[in-house]
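S.K.: Mind looking over this structure? Questions follow.
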Amino acid sequence: MSDRIMFGPDYTFLGVPRCDLGDPGTLPAGGAVVLGAPFDSGVSYRSGARFGPGAIRAACYLPHDGARPHLALRVDPLTDLPVCDAGDVTMPPGEIHRALAALRGAVTTVLGAGAIPVVLGGDHTTAMADVQALAEHYGSGRISVIHFDAHADTGDVEFGSLYGHGQPFRRLIESGALAGERFVQVGLRGYWPEPQTLAWMARQGIRSFEMAEIGARGLDDVLAEALEVAGRDSDGVFLSVDIDVVDPGTAPGTGTPEPGGLTSRQLLDAVRRIGRDSNLVGMEIVEVAPSYDHSDVTALLANRVVVETLSGVARRRVDAANGTRWDETVPVLSGRSGMGSGKTSGMTQSAAGKPSGKLRVLLVGAGGVGSAIAVTAARRDYLDAMVVADYNLGRAQHCVDRVADGRFVAAQVDATDIDAVAGLLKRYECDVLLNATDPRFVMPLFTAALDCGVHYLDMAMSLSQPHPTDPYHVPGVKLGDEQFAMADAWEKSGRLALVGMGVEPGLSDVFARYAADHLFSRIDEIGVRDGGNLEVEGYSFAPTFSIWTTIEECLNPPVIFEKGRGHFTTAPFSEPEVFDFPEGIGEVECVNVEHEEVLLIPRWIDVGRVTFKYGLGREFIEMLKMQHTLGIDKVEKVQVGDVAVSPRDVIAALLPDPATLGDKMHGKTCAGTWVRGLGTDSEPREVYLYHVVDNDWSMREYGSQAVVWQTAVCPVIALELIANGTWSGAGLLGPEAFPAQPFLDLLAEHGSPWGIREESPRPAV
């Protein structure tokens, strides 16, 4: 196998990202993978198809930017699926068995990754490998083939050989890989095959449409029958297109031209329909020999065969998700307000960086919180479009399917790949990047947004690093330090980077702002306090939020802020206290935890002391202490036999995914901010501002568990305030920098009001 181009310049199909067959994790599950098959040793007349893959990849007058929005179907097949290019399979010239074995292995790898193989030939001998791989994956005879060709390619022996470009389908049927009754041919014409071969074809139950029948009945009618035959008791359809099915007057660059074929328009309409109306599991386009076409129109047609087919597949999936069927005859400019429309964003910018209008959002991360964001945002009309992107395309697609809203589309992206993220932002003309990943991916996403000149929101900030010699007294690299190092660049950009905009940090910071503006004349101490009484049926222990993030927060040295002293650290689980949470939750043991609020709140609010204490409860605290003692909280990989693993990743893998436990959870979760100081009347005052979510309510109303939805609703509200201009500004800002009341008003609109509890004043610490 190879990931390089065998003949000529090394580039990908229309600029789509590269992928590596040696690393199946790079192959997009649910997407498509382009494979070059540069082999022409099976030809019977004119050679040169080995140069077809390179010509097909290159043939386009548009920028090779990895995007091709379809005017009629309103999808972009190269990004909506998505598509990547694995390069050419190494197929040694003149060694047909070795060459076919290599191609079969490559197609098998793509199928194993859950992707659609798109094979660029090469002569039609390659069909042997392609269909054999499908038969091995789906079962012998389980896949139908729709074959566009001037020739039947069912010959027996040619030039003393059983293998060649005129024989692949005979060999496939004889082997059992392909059932004759699931083989449909379209476009036959001319003077071959001879009567004996035709008789053999008839005995196999093959359905062949010669051009005279197509001309008499019309191509639409023929395609309807072809799709019906291919769909009978079949697990999927493989599309095999020999470019010589088209009349050589418009596709001269082929090895065995036969006059009187389909028009280019007919072929493109046909393959688009097949992509849309069948369960397409793979395709090939073969017999492009560019040396016989000085104008490259043959290669361009082959290029468009790929794009049109994949556009049909993409449209099929969008329609399936939305329960609709798009009418491709709708006027091209009609109602162009959705994804893939080429629409300029409705968001405008003032000189101060204040946005107004609707937003186009790239949401990166389709886990529990990301999915809850999509479900919640779908209920608001400020959203023009949202691209839900995840490393796992299937997870992103599941999120979009769950929303069932035409404003949403799924995409695959590696959050560490700045260029790939930037490509999505540009392709979909996004105004905002919303980061719903874990903190490990903050910096590449943060950087991509800055580079592209779009706004940025996250719910957790860049990771900290403990002080190398005195971690329990002196901060090292603090949460968000990497981001704040780029604050000047953000201010100069005129765009807003709103960091820490979840529930904690986020809503807790909004509460602090509200207290400073409306309740206190002087604030001596702010303490964020988080707790709940959630229980999970059937589990003695099951975290209600990401265990990876929980360990990070709880076992890193907690940070405390004091005016005059600045930030300092303590040992994990310091300053334990029992806090009485409202609305029946009751008393929960809380301890100091590293958290962003301690870093953010003092930047914008004049306060004497800031802490964050997490209501973990005694059992959870002891469990985390034991993990730390044993060293199984570490992120750094350790060698276990021949495998290097991160102990923390092992813990996360062993525990149930919190996103799957919502229907088994019962109880409430509370996020809140305790504030002590002098009230507006200059008298001592102490209050707890809080937000409680009942898990049964959030599951019933939004299909999301309480702690997840409580986190997700906050960036959804912030985006709405940005869209309508209530929150505006440029640079790197926290939630404390904005007026709190509009946020809290919208929180109530989402059916989940907040509260204030007066506390009995207690002495200062």
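Just so you know, all these numbers are worked out from the coordinates, no wet-lab data involved. All values reported here derive from a predicted model rather than from experimental measurement. In this analysis, Cβ positions are derived from the backbone assuming ideal geometry, glycine residues included, and neighbour counts consider all displayed protein chains.
S.K.: Once each part is reduced to its C-alpha centroid, what is the distance from the range 433-470 to the range 135-164 in angstrom?
M.R.: A separation of 52 Å, based on Cα centres.
S.K.: Taking the highest mean first, how do the peptides 446-455, 22-31 order by number of other beta carbon atoms within 10 angstrom per residue?
M.R.: 446-455, 22-31
S.K.: Same structure, new question: Listed highest first by mean packing, meaning other Cβ atoms within 10 Å per residue, what order do 579-588, 722-731, 244-253 come in?
M.R.: 244-253, 722-731, 579-588
S.K.: Per the helix-only calculation at 222 nm, which mean residue ellipticity applies to the chain, given -39500 (n - 2.57) for every DSSP H run of n ≥ 4 and division by its residues, nearest 500 deg cm²/dmol?
M.R.: The helix contribution divided over the chain gives -10000 deg cm²/dmol.
S.K.: How high is the relative contact order of the range 176-313, in percent, with contacts defined as C-alpha pairs under 8 Å that are six or more residues apart?
M.R.: 24 percent.
S.K.: Run through the DSSP bridge list for the chain and note the antiparallel percent, rounded to the nearest 5.
M.R.: 40
S.K.: Enter the Cα centre distance for the pair the range 684-723 and the range 74-115, rounded to the nearest angstrom.
M.R.: 46
S.K.: Report the full-extension gain for the segment Arg98 to Glu758: residue separation times 0.36 nm, less the Cα-Cα distance, to one decimal in nm.
M.R.: That pair, Arg98 and Glu758, stretches by 229.7 nm at full extension.
S.K.: Right, another one. Distance check, please: which entries in Lys563/Lys613; Lys426/Lys478; Lys478/Lys664; Lys563/Lys625 exceed 25 angstrom between their Cα atoms?
M.R.: From the list (Lys563/Lys613; Lys426/Lys478; Lys478/Lys664; Lys563/Lys625), the Cα-Cα distance tops 25 Å for Lys426/Lys478; Lys478/Lys664; Lys563/Lys625.
S.K.: Where both partners of a DSSP beta bridge lie in the range 350-498, what percent of those bridges are antiparallel, to the nearest 5?
M.R.: 5
S.K.: Can I ask one more? Once Lys and Arg get +1 and Asp and Glu get -1 on their Cβ, which of Ser140, Ala72, Leu733 lies farthest toward the positive end of the dipole of the chain?
M.R.: The one lying farthest along the dipole's positive direction is Ala72.
S.K.: Once Rg and Dmax of the Cα atoms in Å is worked out from the coordinates, which option in (i) 28.6, 117; (ii) 29.5, 96; (iii) 30.6, 105 does it equal?
M.R.: (iii)
S.K.: Measuring from centroid to centroid over Cα atoms, what is the spacing of the range 268-296 and the range 515-532 in Å?
M.R.: 65
S.K.: Where in the range 435-475 does the amide nitrogen come within less than 17 Å of the point 7 Å from the Cα of Asp23, taken along Cα to Cβ?
M.R.: Under cut-off, by backbone N: 441, 444.
S.K.: If packing is taken as the average number of other Cβ atoms within 10 Å across a peptide's residues, how do 474-481, 517-524, 145-152, 426-433 rank, most packed first?
M.R.: 145-152, 426-433, 474-481, 517-524
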